[in-house]
Amino acid sequence: MNNEDDKKTEGTGESKPEQGGEHKERVYEGEAEVLGTEDIRGEEKTWSMFAHLAAFVAMVPLVPVIGMVLGPLVVWLLKKDDMPLVAENGKRALNFNITMFIAYCAALILCIILIGIPILFGLIIFHFIVTILAAIKASEGGVYEYPFSMKLIQ
């Protein structure tokens, strides 16, 4: 028998998956890949969504702007060992929010010469929209690759 016959199941003509064949992640910047949702529990999808939405902790008056980094960090640290989808989404949310924190700091400095004001408003709108998109993809069992995000945490 050759390899083609080895891959066929008896009498059905269907192919068996090859040994050692792993799912390769194909996520492009600004897009998401929905992972096999039948393998992912609802709780894992919910925590993945919270990893992205935790950035909005910074909107609470008692939590300073650094809360947008602390929120995803807490979710990631709590669930990264138990839930692989949360680990991946949390890591990407954390990287993006660190990047946005740096951008907000630069925009605030540029507010001194007034050019930072429109940049700051643009950053706020961009941050809000992209975070909502990422949370939606995570709730579907996907992994969202944020655009313009530095890869600080591997």
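Numbers at a glance
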read-out: Criterion (modelled with pLDDT of 90 or more, touching a Leu at 6+ places or on another chain (Cβ under 7 Å), hydrophobic (A, V, I, L, M, F, W, C) and assigned to a helix (DSSP H, G or I)) met by exactly one of Cys105, Cys111; value: Cys111
read-out: Selection from region 76-92 of residues that are basic (Lys, Arg) and in a helix (DSSP H, G or I); value: Lys79, Lys91, Arg92
read-out: Complete set of residues in region 104-137 that are over 22 Å from the mean Cα position of the chain (by Cα), within 18 Å of Ile66 (Cα to Cα) and of a type in the set (Val, Ile, Thr); value: Ile109
read-out: Odd one out for Gly142 among (1) in contact with a Phe, Trp or Tyr (Cβ under 8 Å, 6 or more places away or on another chain); (2) surrounded by 21 or more Cβ atoms within 10 Å (Cβ to Cβ); (3) in contact (Cβ under 8 Å) with a residue 40 or more places away in the chain; value: (1)
read-out: Some residue of region 101-116 being buried (at least 18 other Cβ atoms within 10 Å of the Cβ) and closer than 19 Å to Thr46 by Cα; value: no
read-out: Counted residues, region 145-154 - those being within 13 Å of His52 (Cα to Cα) and either out of contact with any Phe, Trp or Tyr (no Cβ under 9 Å at 6 or more places or on another chain) or loosely packed, with under 14 Cβ neighbours inside 10 Å (or both); value: 0
read-out: Residues located in region 58-67, provided they are under 15 Å from Thr131 (Cα atoms) and either among the aromatic types (Phe, Trp, Tyr) or surrounded by fewer than 16 Cβ atoms within 10 Å (Cβ to Cβ) (or both); value: Met59
read-out: Checklist (1) of a type outside the set (Gly, Ala, Ser); (2) at pLDDT 85 or above; (3) not in a helix (DSSP H, G or I) applied to Met1, failing item; value: (2)
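Yes/no per residue for (1) part of a loop (DSSP other than H, G, I, E, B); (2) in contact with a strand residue (DSSP E or B) (Cβ under 8 Å, 6 or more places away or on another chain); (3) at pLDDT below 90; (4) surrounded by fewer than 18 Cβ atoms within 10 Å (Cβ to Cβ):
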position: Phe56; (1), (2), (3), (4): no, no, yes, yes
position: Val69; (1), (2), (3), (4): no, no, yes, no
position: Val74; (1), (2), (3), (4): no, no, yes, yes
position: Leu94; (1), (2), (3), (4): no, no, no, no
position: Leu123; (1), (2), (3), (4): no, no, no, yes
position: Phe128; (1), (2), (3), (4): no, no, no, yes
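The values are calculated or read from the model by the stated rules, or taken from the named source; none is laboratory data. Everything numeric in this text was worked out from a predicted model, so none of it was measured. We place every Cβ from the backbone using ideal geometry, glycine too, and count neighbours over all the protein chains shown.
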